[in-house]
Every structure is written in structure tokens, then in C-alpha cells.
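Chemist: I have a structure here, written as C-alpha cells, and I will follow up with some questions on it.
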Amino acid sequence: MKKLWGGRFTKSAEAWVDEFSASISFDQLLVEEDIEGSLAHVKMLGHCGILPQDEVEQIIQGLEKLRMKAKNNELTFSVQYEDIHLNIEKMLIDEIGPVGGKLHTGRSRNDQVATDMHLYLRKEVKDILQLIREFQKVLIEKAENHIETILPGYTHLQRAQPISFAHHLLAYFWMLERDYERFHESLKRINLSPLGAGALAGTTFPIDRHYSAQLLGFEGIYENSLDAVSDRDFILEFLSHASILMMHLSRFSEEIILWSSSEFQFIELDDAFATGSSMMPQKKNPDMAELIRGKTGRVYGHLIGLLTVLKGLPLTYNKDLQEDKEGMFDTVTTIKGSLKIFAKMVETMTVRKEVMEKTTKEDFSNATELADYLVTKGMPFRQAHEVVGKLVLYCIQEGKYLLDLPLSVYKEASDLFAEDIYEVLKPRTVVARRNSAGGTGFEQVRKQLEKARKVLE
């Protein structure tokens with residue numbers, strides 16, 4: 001079959017070569033954006049007097065019919081027409097006749113595909129921003145119910161100091177807020193129009209790029225036609241932000257997996273977000289959290305893949321750039337799915353407050369409080385650190401915890417200890433007293449929640 005671009009060719013490629021070269025299997029996802037960009041382009045051609053208005057109207061009507069068919073999944077794409085652009089152009093010609101061939105006046109597939117991807121990412125990033133906000137709302141609601149729920153805080157995965165569970169959840173709220181800011185800020189680079197840059201050098205037709213950009217809701221145009229058709233920074237930036245977001249979700253996944261284990265038992269996941277074993281009837285596996293943790297790698301891979309594709313490309317368009325789409329599409333699907341799953345998983349999980357608090361009474365996470373107590377009595381911190389370290393060693397040797405020790409043992413360690421030490425060492429007291437800005441003290445957590453709510457407003 002003769003290609004739409006085949007005028008200078010005397011030989012057609014074999015079918016398997018066409019299949020290898022074609023992108024329609026995946027770039028058909030851009031069908032709505034391709035039609036939207038074409039509508040703006042033809043309206044601009046009419047506005048500038050490049051095409052007569054009657055032909056513009058015919059093309060618009062044809063494109064609107066195709067758009068309706070696309071929404072109803074009534075379009076059939078063919079590998080013979082390679083990509084979404086030539087497929088739509090062929091369908092348009094079939095729909096309205098040869099006048100459909102005038103749609104491509106003053107543009108190239110090079111600026112057309114770039115425009116499609118800008119439109120696609122603009123829409124998807126706005127959806128992602130909304131999903132981030134919905135997850136943040138869930139975290140706030142969960143945190144509000146667990147301000148005074150106490151669990152061990154960890155460093156090196158070793159119990160360090162007791163903290164408020166709300167404080168722990170809100171750490172992820174602020175990570176997500178940075179993710180939100182990154183995606184939102186990237187919109188100003190996504191929202192630029194390459195349309196009208198042509199293949200690489202612009203066009204001799206008296207087009208109005210600002211007019212078509214305005215019709216598409218873009219904030220401006222690429223000022224350099226070479227840059228317009230070859231730039232994929234906006235996709236790299238999206239993949240980078242997506243990778244950081246997935247890293248945050250992966251870290252949270254790891255904690256969900258640990259917390260739901262028999263060793264921790266801090267939470268229980270709703271059955272909808274766990275699976276069983278085909279062999280072991282007792283199992284309840286945190287598969288959704290594990291999947292999100294695993295899918296983080298594929299998002300990283302898409303970022304590295306596109307960076308590698310781009311690193312040696314001369315200006316301007318090269319067929320290599322066809323590799324820019326599948327990773328972008330897959331990343332959008334992955335992060336949208338991950339955010340939806342995670343929000344519902346956290347919303348429905350059962351928090352075992354008693355188990356969490358019990359663990360804080362069976363460790364030495366109150367040891368820092370003991371050192372701080374001595375400091376308030378005038379002892380240098382480094383000396384206090386040594387005194388408490390020896391007390392902890394004594395406890396380990398005797399199979400006791402700091403709250404189990406009689407006052408006489410404390411007095412032997414330092415005359416600065418008094419009866420009030422037992423109140424100071426209670427985990428709830430330890431948490432409540434940490435009232436430095438951003439700390440885990442209950443009042444500080446309430447203030448943090450108030451700020452978080454204002455962010456969402």
C-alpha cells in the first residue's frame with residue numbers, strides 16, 4: 001500500500017518492517033489530543049486566510065465526527081498508516097474526501113506529535129495533582145484520629161524514640177506536598193505550544209502560532225522551531241518527578257509491609273488490599289504495598305531509558321524520539337494507580353494502638369529523655385550520655401527496662417536523679433514533652449495538622 005508520504009519512493013517496506021517501525025499500537029492513546037490539535041490548526045489556517053472558510057468548516061465537521069467515534073471506541077487503527085497522525089488524516093480523507101488532505105498544510109508530524117504530548121501531559125498532570133490531594137486528605141483524616149497514638153520511632157530500623165503515629169503519617173503528607181509542588185510547577189513548561197514549528201524550520205505559510213496556542217489553552221509558544229520539535233525535557237521532568245513520588249510511596253510501602261507483619265503487628269490491612277497463599281491457608285500478604293514498591297523500579301527505568309535515548313541525539317527530530325511515549329504512558333498509569341490504591345489502603349487499615357504503645361514500654365527508646373533529664377540538672381550532655389549508656393547496659397544484663405529500676409540504682413549512677421524520674425520516663429510523657437517546632441509533641445502535631453489543612457484549602 002502506498003504511504004501518504006511515499007511520493008519519492010519506488011519500493012515499499014515489507015510488512016514486518018512496517019510493524020517494527022509503526023507506533024500506532026501505543027500512540028493511539030493520543031487520539032483525542034491529536035484531534036484537538038488538528039482542530040486548532042485548521043481553525044488557525046482559516047483565521048489566517050490560508051484555507052477558505054468552507055473547507056475549514058468541512059475539515060472541522062470531519063474531525064468532530066472522528067472525535068465522537070473516538071469517544072465511542074469506534075475507530076479502527078492500522079499499522080499501514082504508522083502512527084496516530086497519519087491514521088487520523090486517512091480517516092478524515094475517507095470521511096470528507098480529498099479536502100481532508102489540506103489539514104496538514106503548514107505543519108509536520110514533528111510539531112504535531114510534540115503538541116499531542118504537551119496536551120496529554122497537561123491533562124494527566126492535573127489529574128495526578130488531584131490524586132495527590134486526595135491522598136493527603138486521607139493522611140490528615142487518619143492522623144487526626146491518632147494524635148496521641150504512640151509507637152516507636154526508628155533510626156537504622158532500631159527503636160530510637162517514641163513518637164506520635166499522627167506525626168509519622170504527616171511526614172508523608174509533607175513529602176507528597178513537595179511532589180505536588182514539583183508537578184504543579186512543571187505545568188508552566190508543559191503548557192507551551194510547539195505547533196507551527198513545522199518539521200524543524202517553521203513554514204512559508206503566513207500562520208499565526210500564537211492564535212493556535214491560544215485556542216489550545218497554552219500559555220505561550222516555543223521561541224525556537226528547532227527546540228520546539230526536539231525538546232523532550234518536559235517529559236524527562238515529568239518522569240523525574242514521578243520517580244521521586246514513587247520513591248516516597250515505596251518507602252511508605254516498606255513500612256506498611258513491616259507494620260503488618262507478625263513481628264510488628266502495628267496494623268492490619270483491609271482484605272481488599274491483601275491476598276492469600278495458594279498453599280498456606282493462614283497467609284495474608286500485603287501484595288498491593290509490595291506491588292507499588294516493585295513498580296517504583298519500572299518508573300525509574302523509564303526515566304533512565306529516555307535520558308539514554310536523548311543523550312546522543314543531534315538536532316532536530318530523529319526516529320529515536322518515537323521511544324519517548326511508551327514509558328510516559330506507562331508511568332502515568334503506574335502513578336495514578338499507585339496513588340488511588342495507597343489512599344484507600346491507608347484509609348481502610350486498622351491501627352493497633354495497644355500493640356504500638358506496648359512496644360514503647362519494652363525498649364530503651366526513653367533513654368535520651370533520661371540523658372536530657374540529667375542535662376536539665378546541670379550535667380554536661382556528653383557525661384549524661386555515658387551515665388545513661390551504663391544504665392542501659394545494666395538493664396540489658398539484668399533483663400530489665402529503665403522504668404523497672406529502683407531509685408537506689410539511679411542514685412548510684414548519679415545523685416541528680418530523684419523520684420520524678422519515673423514520670424519523665426513514661427513513653428507518653430516522653431512524646432508530650434517534645435514540643436520544639438516540628439516535633440512529635442502532641443501540641444506540635446496539632447499545630448502541624450492545622451497547617452496541613454490550610455495547605456489543602
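What follows is calculated from the coordinates using simple rules that are stated; it is not laboratory data. From a predicted model like this one, the values you see are computed outputs, not experimental measurements. Here the Cβ positions follow ideal geometry from the backbone for every residue, glycine too, while neighbour counts run over all protein chains shown.
Chemist: Name the lysines eligible as straight-distance cross-link partners of Lys336: C-alpha to C-alpha under 20 Å, and not fewer than 8 places from it in the same chain.
Modeler: Lys123, Lys126, Lys137, Lys295, Lys325, Lys344
Chemist: Percent of alpha carbon pairs in the chain separated by more than 38 Å?
Modeler: Numbers: 46540 of 104196 pairs.
Percent of Cα pairs beyond 38 Å in the chain: 45.
Chemist: At what distance in angstrom do the alpha carbon centres of the stretch 382-413 and the stretch 198-234 lie from each other?
Modeler: The distance from the Cα centre of the stretch 382-413 to that of the stretch 198-234 comes to 72 Å.
Chemist: Right, another one. Within the stretch 199-215, what residues put their amide N at less than 14 Å from the label point 7 Å along the Cα-to-Cβ vector of Lys126?
Modeler: 215
Chemist: What is the helix-to-structure angle for 53-71, meaning the angle in degrees between its Cα long axis and the longest Cα principal axis of the chain, kept from 0 to 90 and rounded to the nearest 10?
Modeler: 40
Chemist: Please list, in order along the stretch 227-237, the HN-Hα scalar couplings obtained from phi with the Karplus expression 6.51 cos²θ - 1.76 cosθ + 1.60 (θ = phi - 60°), rounded to whole Hz, x for Gly and Pro.
Modeler: Couplings: 5, 4, 8, 9, 6, 10, 4, 5, 6, 4, 5 Hz.
Chemist: Normalised radius of gyration for the stretch 359-456, please: alpha carbon Rg relative to 2.2 N^0.38 Å, two decimal places.
Modeler: Compactness ratio reported: 1.25.
Chemist: Return one number: the angle in degrees, 0 to 90 and rounded to the nearest 10, between the long axis of the Cα atoms of helix 442-456 and the longest principal axis of the Cα atoms of the chain.
Modeler: 10
Chemist: Taking H as built 1.01 Å from N, whose amide H comes closer than 5 Å to the amide H of Gly220, not counting residues under 5 places away?
Modeler: Amide H neighbours of Gly220, under 5 Å, 5+ apart: Ser193.
Chemist: Enter the angle in degrees (range 0 to 90, nearest 10) between the Cα long axis of helix 109-144 and the first principal axis of the Cα atoms of the chain, meaning the one along which they spread out most.
Modeler: Orientation of helix 109-144: about 20 degrees from the principal axis.
Chemist: Which residues among the stretch 249-268 fall inside the zone where the amide N is under 13 Å from a point 7 Å beyond the Cα of Ser277, along Cα→Cβ?
Modeler: 262
Chemist: I'd like the FRET efficiency for Ser25 and Val355, computed as 1/(1 + (r/R0)^6) with the beta carbon distance as r and R0 of 56 Å, rounded to 0.05.
Modeler: It comes to 0.65.
Chemist: Related question: When ranked by the protection proxy of mean other Cβ atoms within 10 Å per residue, highest first, what sequence do the peptides 414-425, 27-38, 442-453 form?
Modeler: Per-residue mean Cβ counts within 10 Å order the peptides as 27-38, 442-453, 414-425.
Chemist: Normalising by the residue count of the chain, find the relative contact order in percent from Cα pairs under 8 Å and 6+ residues apart.
Modeler: 16
Chemist: Rank His156, Leu170, Ile207 by how far each Cα sits towards the positive end of the charge dipole of the stretch 141-230 (+1 on Lys, Arg Cβ; -1 on Asp, Glu Cβ) and give me just the farthest.
Modeler: His156
Chemist: If you don't mind, there's one more thing I want to ask. Apply 1/(1 + (r/R0)^6) to the Cβ-Cβ distance of His156 and Gln397, taking R0 = 22 Å, and write down the FRET efficiency to the nearest 0.05.
Modeler: Efficiency, rounded to the nearest 0.05: 0.45.
Chemist: On to the next question. So what does log10 I(q)/I(0) come out to for the stretch 178-277 at q = 0.10, 0.11, 0.19 Å⁻¹, using the Debye formula with one equal point on every Cα and no solvent?
Modeler: Rounded to two decimals, the profile gives -0.51, -0.56, -0.95.
Chemist: OK, next. Run the reach check for Lys188 against aspartates and glutamates, Cα to Cα strictly under 17 Å, same-chain hits fewer than 8 apart removed. What comes back?
Modeler: Of all the aspartates and glutamates, those that pass the test against Lys188 - Cα under 17 Å, at least 8 places apart if same chain - are Asp116, Glu124, Asp127, Asp179, Glu219, Glu223, Asp227, Asp231, Asp233, Glu237.
Chemist: Based on alpha-carbon centroids, what's the gap between the stretch 319-335 and the stretch 258-287 in Å, whole number please?
Modeler: 33
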